[in-house]
């Protein structure tokens, strides 16, 4: 079976995890901090805080932004439910902007048109690893005093153009905070895990405390005189969103491989582009001139959405796994019951979208198999 995505773990990764397990540190040791420093350095940000999942990282970012009860936040329906759910955890209400019909990213102007006095932040998703139009949205939103969170859970290793040069996503040039996921099918993995990067020291302090029960052990931040060297303070209601040392050890090892992972993903995408460009059955992904995608996904868009079910069935029988990214958040019963209307372009995108296999361990034979069997499947998918 050739799945749509798969993690890559080698003996070096395993050795680093075993080494950490043998060190005596399971959790709350040095590795998470080392991983944070490495992530921040790789992306070009001042600070990083790791979390137990990408969802926890989104929750932390929204909290640090001050999102709360009575607020609204703008995001996209073309994402996993966690992007919206994390705001609901804080009592805020999501407002969904429609998307660009080709990238699947948030339509910047549509998002800006939804701003009201209740809007606190905009959460923009880098769909499939392709950076969103950050310059347009971030500069306009910032003028209105809004916080921009970049849901870059697909995009670790992606790049965007800023002032004439390429910068990595996570530098927070066009966001106040950037959120990553290290779930197994993402650019790198820690099992489950996530991170928030920022250049703002105030956000960093809030993120740090939020991830560990709202507690600080930093003497300079104490609100009362310490009782002794054991002293710590819970200053806010936080959560246990910490990453373990052995997860962080895996992340550090994986981060060293990230340039090669992204290079390989882009090679596979280029192979597909060459094989499928101009075909009569579907459109291939686009890449804007301001972006270098991480190609977390390779999302094709069917010209005839009625072929989608049969395509999934035919290719499964041929040993090729497909996936759909995503069922629009507004389609889920929970959100329908909130009375939130659908986004027409996102609905059409959903009907047409199919994710075909792309992951670093794909062989040339795997790629050729996909390129042969995918067109063949359309012969029976009238």
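The values are calculated or read from the model by the stated rules, or taken from the named source; none is laboratory data. These numbers come from a predicted model, not from an experiment. We place every Cβ from the backbone using ideal geometry, glycine too, and count neighbours over all the protein chains shown.
From the list 382, 303, 368, which residue is at pLDDT below 95, surrounded by fewer than 19 Cβ atoms within 10 Å (Cβ to Cβ) and either in the same structural domain as residue 164 (by TED's automatic domain parsing) or over 30 Å from residue 74 (Cβ atoms) (or both)?
382
Of everything in the range 315-347, what is in a helix (DSSP H, G or I) and touching a strand residue (DSSP E or B) at 6+ places or on another chain (Cβ under 9 Å)? Give them in sequence order.
Listed by number, the residues that qualify are 315, 329, 330, 335, 345, 346.
Here are some residues: 71, 151, 102. Which one is closer than 22 Å to residue 353 by Cβ and buried (at least 18 other Cβ atoms within 10 Å of the Cβ)?
151
If I ask for residues that are assigned to a loop (DSSP other than H, G, I, E, B) and in contact with a strand residue (DSSP E or B) (Cβ under 8 Å, 6 or more places away or on another chain), which ones from the range 271-284 would you list?
281, 284
So residue 251 clears everything in (1) out of contact with any helix residue (DSSP H, G or I) (no Cβ under 7 Å at 6 or more places or on another chain); (2) part of a helix (DSSP H, G or I); (3) in contact (Cβ under 8 Å) with a residue 40 or more places away in the chain except one condition, right? Which one?
Checking residue 251 against (1) out of contact with any helix residue (DSSP H, G or I) (no Cβ under 7 Å at 6 or more places or on another chain); (2) part of a helix (DSSP H, G or I); (3) in contact (Cβ under 8 Å) with a residue 40 or more places away in the chain, the one that fails is (1).
For the range 1-17, which residues satisfy the criterion of being exposed (fewer than 13 other Cβ atoms within 10 Å of the Cβ) and either out of contact with any strand residue (DSSP E or B) (no Cβ under 9 Å at 6 or more places or on another chain) or part of a helix (DSSP H, G or I) (or both)?
Within the range 1-17, 10, 11, 12, 14, 15 qualify.
Are any of the residues in the range 149-156 assigned to a loop (DSSP other than H, G, I, E, B) and either more than 29 Å from residue 78 (Cα to Cα) or free of Cβ contacts under 8 Å to residues at least 40 places away in the same chain (or both)?
yes
Taking the range 285-300 on its own, how many of its residues are in a loop (DSSP other than H, G, I, E, B), buried (at least 20 other Cβ atoms within 10 Å of the Cβ) and touching a strand residue (DSSP E or B) at 6+ places or on another chain (Cβ under 9 Å)?
4
Would you mind telling me which numbered condition in (1) crowded, with 20+ Cβ neighbours inside 10 Å; (2) out of contact with any strand residue (DSSP E or B) (no Cβ under 7 Å at 6 or more places or on another chain) residue 26 fails?
Of (1) crowded, with 20+ Cβ neighbours inside 10 Å; (2) out of contact with any strand residue (DSSP E or B) (no Cβ under 7 Å at 6 or more places or on another chain), only one is false for residue 26: (1).
Where the second residue is crowded, with 20+ Cβ neighbours inside 10 Å and in a strand (DSSP E or B) and the first is assigned by TED's automatic domain parsing to the domain that holds residue 362 and lies in the range 264-283, which pairs have Cβ atoms under 7 Å and are six or more apart or on separate chains?
Matching pairs, first to second residue: 269/298; 272/298; 282/300; 283/300.
Just one of (1) part of a loop (DSSP other than H, G, I, E, B); (2) modelled with pLDDT under 95 trips up residue 189, so point out which.
(2)
In this structure, does residue 310 turn out to be in a helix (DSSP H, G or I), buried (at least 18 other Cβ atoms within 10 Å of the Cβ) and either touching a helix residue (DSSP H, G or I) at 6+ places or on another chain (Cβ under 9 Å) or touching a residue at least 40 places away in the same chain (Cβ under 8 Å) (or both)?
Criteria not met by residue 310.
Look through 57, 141 and report the one residue that is without any contact (Cβ under 8 Å) to a residue 60 or more places away in the chain, under 19 Å from residue 203 (Cβ atoms) and buried (at least 21 other Cβ atoms within 10 Å of the Cβ).
Of 57, 141, the one residue that is without any contact (Cβ under 8 Å) to a residue 60 or more places away in the chain, under 19 Å from residue 203 (Cβ atoms) and buried (at least 21 other Cβ atoms within 10 Å of the Cβ) is 141.
In the range 348-367, what count of residues is obtained for those that are outside any loop (DSSP other than H, G, I, E, B) and within 21 Å of the chain's Cα centre (by Cα)?
Total meeting the criteria: 6.
Restricting to the range 106-138, name every residue that is free of Cβ contacts under 8 Å to residues at least 40 places away in the same chain, surrounded by fewer than 24 Cβ atoms within 10 Å (Cβ to Cβ) and in a loop (DSSP other than H, G, I, E, B).
117
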